[in-house]
Amino acid sequence: MAAPMLEEGLINSDDYYAILNTRKEASSDELRAAYRRMCVLYHPDKHRDEKDKTAAEAVFNKVQKAYQVLNDPSKRAIYDVYGETGLEAEWDIVPRRRTPQEIHDEYERLAKEKEERRLQQSTNPRGAITVGIDATDLFDVYEDYDMEFSGVPSIEVKNMSITQSIDAPLTPTDTAVLSGNLSTQNGNGSGNFNVAYRRIFSYQSWGEFQASAGGGPTLALKIFRNINKRSFVSCTGSARLLSGTVIAPGIATVAGRQLDKHTMGYMTWRWGMASSMTTMVVRDTQSTHTMCQMQLGIPNSFVSVSFTKKFPEHDGKITLAAKVGLLGSVFEYGCDKKISRHSRAAAKISIGIPAGVTLRLRLARGNQTFLFPIHLSHELSPQALFYGTVAPLLAYWFIKVLVVDPFLNKRKTDELAKERDSKQEMMDLKKQEAQDEVHLMQEMVQRIVETERNREGLIITRAWYGKLVIREAEEENGDGEVGGEIEGMIDVTVQLQCQVKDSKLMLTDASKAALPGFYDPCVGEEKNLRVQYEFHGEQHECTIADNEPLRIPKRSHHVNPS
């Protein structure tokens with residue numbers, strides 16, 4: 001498994017629950033008990049040596065801060081959702097004494113406003129390049145004996161278009177949009193240029209005026225209005241001017257209503273050269289997307305349905321769609337996959353009557369989209385279907401294995417190394433703080449070990465944390481005793497023994513790197529905790545993942561004598 005990437009602030013931030021070694025569902029009494037236990041160990045007044053007193057004061061301040069946040073219901077609700085970043089937000093707008101849901105909603109609103117302000121300070125360029133390819137000569141067979149056949153199929157670019165647009169915020173409520181399109185088909189070119197002005201009247205409504213040049217000047221006006229929280233309506237009117245005369249006027253009205261949490265219904269009426277009435281229902285959940293549509297109009301009426309299955313864990317989708325109408329029928333299937341942080345690739349096969357078989361490839365990189373509709377066959381050719389389906393999958397697999405994965409792995413490794421170098425000073429500081437904490441634990445650990453030994457209780461004999469390679473570590477020390485520090489791994493025997501209370505040791509599902517006396521010995525890599533301990537004089541051992549809870553002693557950890 002690939003090593004996780006470092007996140008901003010990972011090394012600087014503290015896990016308050018881990019500092020107190022309490023679970024996230026801990027009650028006020030549990031927090032108070034954990035806080036008192038930490039105070040007994042780290043209160044500066046309990047240490048006479050000036051160096052120990054300074055080290056204890058630094059740890060005690062962290063313990064106090066963690067307890068103050070977690071013991072305050074409002075602060076705790078903020079921290080549980082957003083961590084330390086949420087505590088630094090501009091909460092003056094909303095009283096802190098709110099429910100967790102109210103705090104969540106307010107934070108989302110503040111974050112949205114911040115993002116909107118950021119977007120208003122920059123343009124938002126978008127573009128699309130479409131290249132239409134005619135590859136029907138590969139699969140269509142023509143029995144024309146008067147034509148000479150060269151034996152080499154002819155693949156031609158039939159059409160191409162380039163579209164680009166830029167949003168230019170003028171004020172918080174006014175935006176100018178510039179867009180243009182150039183296209184060519186069978187040697188004939190055309191283009192147009194659009195200028196639009198959009199104004200937000202209120203949080204319920206906005207309007208847009210658009211002027212286009214190309215194929216005759218065109219003017220359009222669009223008005224959008226939220227009727228209530230669940231409904232909206234928009235109306236668009238357009239007209240083309242030719243020699244001072246209005247031709248091809250058109251009106252389009254769309255009404256939408258939210259039917260339930262995941263479902264929207266739309267009704268569209270268009271009047272003009274191609275009049276129609278369309279109704280559509282869209283249901284979008286975390287795992288699926290379904291759309292049903294029916295249109296009655298001139299010259300085309302149709303019924304269509306599409307279903308998309310989402311795979312969030314893999315950032316992928318699979319889509320099936322069908323459309324039946326007066327002008328023909330189409331069946332489609334395809335997939336969409338995120339291939340890098342800013343890129344997605346998609347492929348779709350369209351089987352139509354009378355259109356034939358078409359393979360549509362799409363690559364999106366940021367706000368730029370590249371489309372390649374490849375016409376494979378005019379007829380329903382099994383060969384076209386097979387190669388149109390298999391060839392993109394094989395090409396994706398080869399490119400992913402030979403190009404994308406090596407590139408991403410190298411970039412992750414370089415970024416991880418760069419991040420480690422930039423934070424080396426902070427990592428060294430964390431290490432020194434952990435060593436100081438271990439020094440403060442020594443006296444208490446001796447008392448705990450003595451108490452546990454007298455009752456034949458829980459004694460931690462050896463414990464390691466980090467990138468564990470136990471056998472190599474044992475061989476390096478010869479006699480099997482792991483002492484000091486090995487690269488990527490630290491000895492945490494003292495740290496765990498200090499957490500033992502009444503012959504029990506309980507650790508939460510937080511990262512162990514935040515526990516008192518711990519630090520991260522291999523930043524950005526997977527870590528484990530391995531513990532060997534005695535209970536009732538018998539040997540036990542276990543190994544857990546970094547974010548896995550631990551509760552010992554357990555019978556399942558017992559080591560049978562050989």
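The values are calculated or read from the model by the stated rules, or taken from the named source; none is laboratory data. As the structure is a computational prediction, the values presented were derived from the model and not from experiment. Positions of Cβ are backbone-derived with ideal geometry, glycine not excepted, and every protein chain shown enters the neighbour counts. Only protein heavy atoms, including side chains, enter the accessible area calculation; ligands, DNA and RNA are left aside. Shrake-Rupley method; radii C 1.70, N 1.55, O 1.52, S 1.80 Å.
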Quick tally, 1.4 Å probe accessible area for GLU208, GLU534, sorted with the most first, runs GLU534, GLU208
Just to be sure I follow the rule: in the range 341-437, considering lysines 8 or more places apart or on different chains, how many pairs have Cα atoms under 29 Å apart?
14
Could you pull out every residue, at least 5 positions away or on a different chain, whose amide H is within less than 5 Å of the one on THR369? Hs are placed 1.01 Å off N in the peptide plane, and Pro or chain starts have none.
GLY127, ALA128, ILE129
From the phi angles alone, apply the Karplus equation (6.51, -1.76, 1.60; θ = phi - 60°) to the range 221-234 and give each ³J(HN,Hα) in whole Hz, x where the residue is Gly or Pro.
9, 10, 10, 10, 8, 7, 6, 8, 5, 10, 9, 8, 8, 9
Each residue of the range 488-501 in turn: what ³J(HN,Hα) in whole Hz from Karplus with 6.51, -1.76, 1.60 and θ = phi - 60°, glycine and Pro shown as x?
x, 8, 10, 7, 10, 4, 5, 4, 6, 4, 5, 8, 6, 9
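Between SER556 and LEU327, what FRET efficiency follows from the Cβ-Cβ distance if R0 is 51 Å, with the result rounded to 0.05?
Once rounded, the FRET efficiency stands at 0.15.
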Surface per residue (accessible, 1.4 Å probe) for the range 266-331, Å²:
64
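As a quick test, which of the pairs LYS229/LYS323; LYS53/LYS512; LYS338/LYS512 have an alpha carbon distance above 28 angstrom in this structure?
Table pairs above 28 Å Cα-Cα are LYS229/LYS323; LYS338/LYS512.
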Lysines whose Cα lies under 18 Å from that of LYS46, excluding same-chain neighbours fewer than 8 positions away
LYS62
Evaluate E = 1/(1 + (r/R0)^6) for ILE247 and PHE398, where r is the Cβ-Cβ distance and R0 equals 41 Å; express this FRET efficiency to the nearest 0.05.
0.20
With r as the distance between the Cβ atoms of THR413 and THR163 and R0 = 45 Å, compute the FRET efficiency 1/(1 + (r/R0)^6) and round to 0.05.
0.75
Kirkwood hydrodynamic radius (C-alpha pairs) into Stokes-Einstein, the range 184-242, 25 °C and 0.890 mPa s, D in µm²/s:
183
Go through the range 503-515 residue by residue and turn each phi into a ³J(HN,Hα) via Karplus (6.51, -1.76, 1.60, θ = phi - 60°); whole Hz please, and just put x for glycine and proline.
6, 9, 10, 10, 10, 7, 7, 6, 4, 5, 4, 8, 5
